[in-house]
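> Let me begin by handing over the structure; questions about it come next.
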Amino acid sequence: MKDRRKVVILGSTGSIGRQALEVISWFPDLFQVIGLAAHRNISLLEEQVRAFRPAYVGVVDPEAGSLLEARLQGSGITCFRGVEGLLELVQVPTCDLVLVAVTGVAGLRPTLAAIEAGKTVALANKETLVVGGDLVIEATRRRSTQIIPVDSEHSAIFQCLQGSSGVAKVILTGSGGPFRGYSRKQLEEVTPEMALRHPTWKMGPKITIDSATLMNKGLEVIEAKWLFGLEYEQIEVLIHPQSIVHGLVVFQDGAVLAQLGQPDMRIPIQYALLFPERRKNRLQPLDLAAVGALTFEKPDLDNFPCLRLAWEAGKTGGTMPAVLNAANEVAVSAFLEKRIPFLAIPEVVARVMEQHSPEPVSDLSTLLEADQWARRLAHYLITTNY
Ligand code: NDP
Ligand code: MG
């Protein structure tokens with residue numbers, strides 16, 4: 001049992017975090033969970049702690065953190081609290097691999113701290129690379145650590161790139177979300193309940209709304225740029241409603257490699273945790289005859305402008321992607337709370353971007369200031385009917 005990979009999971013109570021623990025439970029000889037962290041859902045976190053017996057636990061919300069600490073008293077488990085606690089948790093010397101599965105920009109600082117501590121990072125949290133791609137990739141080079149993508153499209157591309165060179169471009173696929181083919185008129189009427197019903201993937205609320213606006217695909221374009229060192233001209237998006245082909249790489253000689261699989265995040269999670277090994281698991285194999293047809297179409301950038309906005313923010317660079325992301329996080333929360341309609345999401349993001357003068361990113365504080373500025377403006381626009 002000595003060589004088991006020692007894993008810390010940030011966001012263990014979320015959709016990715018829970019699935020990661022399931023994958024880990026399939027391979028008790030390969031993994032040891034040494035740290036689990038959440039924002040405030042301490043009842044689920046406590047259950048996970050009792051099942052996986054980590055040495056460390058992290059809770060961002062201070063009140064919830066104190067409660068859990070009291071409940072775990074005498075167990076020998078160290079409890080870290082607050083945002084700073086997550087930074088300590090990812091640096092514990094025994095940890096080999098950190099799975100970053102928190103949602104939103106909250107992933108950025110812990111990811112940077114994990115890289116600085118020389119840990120391998122399995123990254124689900126795409127916002128980290130959208131906001132801080134420059135700094136994060138520079139840190140992985142400097143510290144000779146590796147980021148292994150968990151996001152299904154990026155996992156697919158990462159898998160296709162193993163042992164390959166001569167990449168011409170990559171293609172990210174997307175299901176198109178629940179409103180594929182909707183007119184502007186129809187989009188005016190959509191509710192959070194409708195947007196939360198994703199046709200192929202079961203995910204947390206924020207990414208599900210991003211999938212409905214196609215912002216998710218836009219964030220993924222920026223994520224791909226950083227992960228694979230590409231120019232934006234080398235990244236294409238295709239809508240593929242069956243969600244079976246997760247990503248493709250087009251090579252200089254015209255060959256195209258793709259990775260296929262059921263739309264099930266446990267596959268890319270397992271790949272990231274076990275990399276470079278592959279093991280048999282408990283999932284049903286893909287039955288292509290049952291799937292029948294695989295179709296591809298161009299995305300509709302007129303009715304789903306978030307994809308175009310993300311592309312523009314990425315190409316502009318500097319602090320602009322951080323501003324896009326922050327405005328989007330605020331707008332998505334407002335939509336989920338029924339304070340703005342669906343089509344206001346791209347409107348708020350576009351307004352905030354218009355008013356931003358992007359700056360080059362020299363350090364984390366430049367990014368966090370841009371993030372805060374964009375949040376304030378987005379809140380203001382929402383309260384004044386934008
Ligand atoms: P969920 O909303 O299901 O879970 C989020 C997790 O992060 C929870 O554990 C939550 O804790 C924790 N969390 C929330 N806010 C904070 C914070 N401020 N600080 C620390 N922890 C926090 O999200 P998902 O699992 O769906 O997504 C996680 C990330 O993975 C996102 O970046 C998403 O884009 C990405 N991703 C997700 C996919 C999916 O299938 N779900 C697919 C590809 C990428 P608590 O429960 O206590 O609130
Ligand atoms: Mg994805």
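Laboratory data are not the source of any read-out in this text; all were calculated from the coordinates shown. None of these values were measured; they are calculated from a predicted model. For neighbour counting, all protein chains shown are included, and Cβ atoms are generated from backbone atoms with ideal geometry for every residue, glycine included.
> Could you check what % of the DSSP bridge pairs in region 162-274 are antiparallel, to the nearest 5?
Here the share of antiparallel DSSP bridges comes out near 65 percent.
> Which value in nm describes the separation of the simple spin-label points at LEU343 and ALA293, placed 7 Å from the Cα toward the beta carbon?
Once both label points are built, they end up 3.0 nm from each other.
> Same structure, new question: Quick check: residue separation of GLN252 and GLU138 times 0.36 nm, minus the Cα distance between them. What number comes out in nm?
38.4 nm
> If you don't mind, there's one more thing I want to ask. Can you give me the Kirkwood hydrodynamic radius for region 142-240, using every pair of distinct Cα atoms, in Å to one decimal?
Details: mean 1/r = 0.0667 Å⁻¹.
Averaging 1/r across every pair of different Cα atoms and inverting gives 15.0 Å.
> What is the antiparallel percent of DSSP beta bridges lying wholly in the chain, to the nearest 5?
If I count the DSSP bridges inside the chain, around 25 percent turn out antiparallel.
> Any chance you could run the full-extension gain for ASP302 through LEU230? It's 0.36 nm times the residue separation minus the Cα-Cα distance, nm to one decimal.
23.4 nm
> Hey, got a sec? Which GluC sites (Glu not before Pro) in region 199-269 land in a DSSP loop and have at most 13 other Cβ atoms within 10 Å?
Filter output for region 199-269: GLU231.
> For region 190-285, rounded, prolate or oblate, judged on the Cα gyration tensor with a ≥ b ≥ c (square roots of eigenvalues), a/c < 1.5 rounded, else prolate if a/b > b/c?
oblate
> For region 311-386 and region 263-308, what is the separation of their Cα centres, given in Å?
Result: 29 Å between the Cα centres.
> With contacts defined as alpha carbon pairs under 8 Å and 6 or more residues apart, what's the relative contact order of the chain in percent? Don't skip to the answer; put the middle values down first.
On the way: 704 pairs, mean separation 55.5, N = 386.
With pairs under 8 Å counted, the relative contact order is 14 percent.
> Let me ask something else. What's the ranking of 363-371, 17-25, 282-290 by average number of surrounding C-beta atoms within 10 Å, highest first?
Put in order of decreasing packing, that is 17-25, 363-371, 282-290.
> Next up: Longer than 22 Å from Cα to Cα, which of LYS119/LYS217; LYS119/LYS315; LYS217/LYS315; LYS126/LYS206; LYS206/LYS338 are they? Say none if no pair is.
Violating the 22 Å Cα-Cα cut-off are LYS119/LYS217; LYS119/LYS315.
> Which semi-axes, in whole Å and largest first, does the equivalent ellipsoid of region 206-354 have when worked out from the alpha carbon gyration tensor as the square roots of 5 times its eigenvalues?
Numbers: eigenvalues 177, 73, 52 Å².
Three semi-axes, in Å: 30, 19, 16.
> Mind sorting GLU69, GLU329 by how few other Cβ atoms lie within 10 Å of their own Cβ, fewest first?
Ranked by crowding around the Cβ, least crowded first: GLU69, GLU329.
> Could you list VAL221, VAL102, VAL332 in order of exposure, starting from the residue whose Cβ has the fewest other Cβ atoms within 10 Å?
VAL221, VAL332, VAL102
> Now a separate question. Please order ILE137, ILE171 by the number of other Cβ within 10 Å, starting at the fewest.
So the residues, fewest neighbours to most, are ILE137, ILE171.
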